[in-house]
C-alpha cells in the first residue's frame, strides 16, 4: 500500500505538530511493515529549517520524500492545475497532518485534527486564519475516511461541533519517547554552558511553547512577577515568536532587561532534554490545548509541572501535575510558589510524572496509524 503523508510541518516548523509527524514517520519505518510504501509530501517555497533532522526522519521512515519549491498560495490558487497530491505521489491514501491543506485529488483521506481551538475561541487566531482555514478544514473532515485526534477532548469537540460520528474517529495520543531516549542529546555540561551564555542562572522556572495568544504568556508574566517577589528565580521562556505578540513583547521587555526573564528562541532539539533536567519546574499556562506535548515531555524527564485545566491538559497530566485555572493569575503564582517551596512536592510530582509519561508510546502511535491505514484501504 502506497501511503502519502504531509511532511511539511517537519520541514518548515519546530512545533508540536512537527514533532508528531516526524515521530509517526520514523515509527512507521521502525515497524518494518513489508506492505508499506511511505511517500512524503514536501512541496513549499520555503527552505527547510533543519535539513539534517528531516533527512534522518526520512531515512528512519524508509520513506521517499517528494519535494519541489512551489509557493503554497499559488498551489491553492491553481488547484488541480498545479498537480494534486495523488498525482504527485502516486499514492493509494493521503494523510493530512496540518491545517494547511494541499490540493488533494480523489484518493481516500485521513486527517489529523490536533485541536479545535479556533472554534473554542476565535480570538486564539488572527483574522486571516479565521477567514480562510476553518471552512477548508471542515470540507476535508467531511470527506475524510478517518479523523485522527490526539485526545478525547478533541474527539469530543469534533462530535459536538462538526458532527463527526464515532466510527470515523480515532484517538491516538502523542508520546514523549523522544526525550526519554533521544537519538542525539547534549550532555549536562554542554547544556549548562549554553544556559550560562544565555544568562540563565539557577533556580529557574521553564515555559516551553510558541508565543501566541492561547499560550497565555501575559498572565504567566504577571504570575511570575508575583511569585518572584523575595525569590531569586528566573523565568526561561523557550519558544519562538508566533502571532499577535506585541503586548507580550512590551510586557516581557523590562523583565528581560532586569534579568528576571530570559527568552530562548530557536535552539537545537538535542538541548531540550537537558533544559527540562536543569529547570526547577515547568509551567505550561495555555488556555486551550488539544494535547499539550511539553507537559508530557517535562513529566518524562522528571521535571515538576504546573499547568492549567485548558482543553486536554488535565487529560494528559492526570494526577501528575499541579493544575490551576489559566485565567487566575493569583492561582498560577500560588502554584509556582507551592512547587518552589516544597522539595517533597517536587519529588512527588517528578515520580508521578515519569510514571504517567511511561503510559504513552510513539511505537504504539505508529502501530495505530498503520492499522488505521490498512482499515481504510480495506474498506472497513
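No value in this document is a laboratory result; all are computed from the given coordinates. Since the model is a prediction, treat every value here as computed from it, not as a measurement. FYI the Cβ positions are ideal-geometry reconstructions off the backbone, even for glycines, and counts take in every protein chain you see.
By other beta-carbon atoms within 10 Å, ranking 56, 68 with the fewest at the front produces 68, 56.
In terms of its C-alpha gyration tensor, region 91-165 comes out oblate, because a/c is 1.5 or above while a/b does not outweigh b/c. When the chain is treated as a Gaussian network with alpha carbon springs shorter than 10 Å, the biggest mean-square fluctuation among 266, 145, 63 belongs to 266. Between residue 253 and residue 123, the distance separating the two model label sites (each 7 Å from Cα on the Cα→Cβ line) works out to 2.3 nm. Taking the number of Cβ atoms within 10 Å of each Cβ as an exposure proxy, the fewest-first ranking of 64, 308, 84, 112 is 64, 84, 112, 308. Of all the options 66, 305, 261, the one that moves most in a Gaussian network model of the chain with Cα springs shorter than 10 angstrom is 66.
Quote the relative contact order of the chain in percent (integer), defining contacts as alpha-carbon pairs under 8 Å separated by 6+ residues.
Details: 716 pairs, mean separation 58.3, N = 380.
The normalised contact order for the chain reaches 15 percent.
Got the relative contact order for region 178-357 handy, in percent, Cα pairs under 8 Å and 6 or more residues apart? The partial results should precede the final answer.
Working: 339 pairs, mean separation 42.7, N = 180.
With pairs under 8 Å counted, the relative contact order is 24 percent.
In the chain, the longest principal axis of the Cα atoms and the axis of helix 188-197 are about 70 degrees apart. If a/c stays under 1.5 just call it rounded; otherwise compare a/b with b/c (prolate if a/b is bigger, oblate if not). Do that for region 274-362, with a ≥ b ≥ c from the square roots of the Cα gyration tensor eigenvalues. Cα axes put region 274-362 in the oblate bin.
Size descriptors for region 336-380 (Cα atoms only): Rg and Dmax, in that order, 19.2, 57 Å. Applying Stokes-Einstein at 37 °C and 0.692 mPa s to the Kirkwood radius of the chain, computed over alpha-carbon pairs, gives a translational diffusion coefficient of 152 µm² s⁻¹. You can think of it this way: the chain between residue 64 and residue 130 has 20.4 nm of extra reach, that is 0.36 nm per residue less the Cα-Cα gap.
When a footprinting reagent is the concern and you count Cβ atoms within 10 Å, what order do 196, 123, 365 take, fewest first?
Working: 196 10, 123 13, 365 22.
Ordered from fewest to most neighbouring Cβ atoms within 10 Å, 196, 123, 365 come out as 196, 123, 365.
Gain on full extension, evaluated as 0.36 nm per residue between residue 49 and residue 344 minus their Cα-Cα distance, stands at 102.1 nm.
With R₀ set to 25 Å, the beta-carbon distance separating residue 319 from residue 171 gives a calculated FRET efficiency near 0.80. Equivalent-ellipsoid semi-axes for region 199-282 (Cα gyration tensor, √(5λ), whole Å, largest first): 18, 17, 11. Computing FRET efficiency as 1/(1 + (r/R0)^6) for residue 377 and residue 187, where r is the C-beta to C-beta distance and R0 is 56 Å, gives about 0.80. What shape does region 178-357 take by its C-alpha gyration tensor, where a ≥ b ≥ c are the square roots of the eigenvalues and a/c under 1.5 counts as rounded, a/b above b/c as prolate, and the rest as oblate? Since a/c stays below 1.5, the shape of region 178-357 is classed as rounded. Label-to-label distance for residue 143 and residue 363 is 3.7 nm, based on points extended 7 Å past Cα in the beta-carbon direction.
Restricting the calculation to Cα atoms, region 1-67 yields a radius of gyration followed by a Dmax of 11.1, 33 Å. Looking at the chain alone, DSSP beta bridges between its own residues are antiparallel in about 0 percent of cases.
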